1. Of the residues in the stretch 11-53, how many are in contact with an Asp or Glu (Cβ under 8 Å, 6 or more places away or on another chain) and part of a loop (DSSP other than H, G, I, E, B)?
2. Within the stretch 27-53, restricting attention to residues that are in contact with a strand residue (DSSP E or B) (Cβ under 9 Å, 6 or more places away or on another chain) and closer than 17 Å to Glu12 by Cβ, which residue is surrounded by the fewest Cβ atoms within 10 Å (Cβ to Cβ)?
3. Take Thr56 and decide whether it is farther than 15 Å from Ile8 by Cα, modelled with pLDDT of 95 or more and not in a helix (DSSP H, G or I).
Amino acid sequence: MTPTAINIITAEQVGDFRIRLEFDDRTEQTVDFKPFLTHALHPDIRAWLDPARFATFRLEYGELVWGDYDLCFPVIDLYRNQIEHSASLEAVA
């Protein structure tokens, strides 16, 4: 069962585009962001395929973010390790 409110408490890069996340209920996920970034159509999202730029992520208020929220994902999607493309994601970039 997925908790109703969940926060990321640690994030560690474990590959060029993989990040190991630990949540406040001690659940861990290793999320591979490369497929998401590779399939992105929007150039602002694809720009994060630069490994040095991708590595600039940080935790802010229990969320994983890049830049000034230039790239971020719903915490519940990271918790479930299910980040996917949709038209709405491409539209917000």
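The values are calculated or read from the model by the stated rules, or taken from the named source; none is laboratory data. All of these numbers come straight from a predicted model, not from anything done at the bench. Don't worry about glycine lacking a Cβ; one is built from the backbone with ideal geometry, like all the others, and counts go over all protein chains shown.
1. Residues meeting the conditions: 5.
2. Glu28
3. So Thr56 passes the test.
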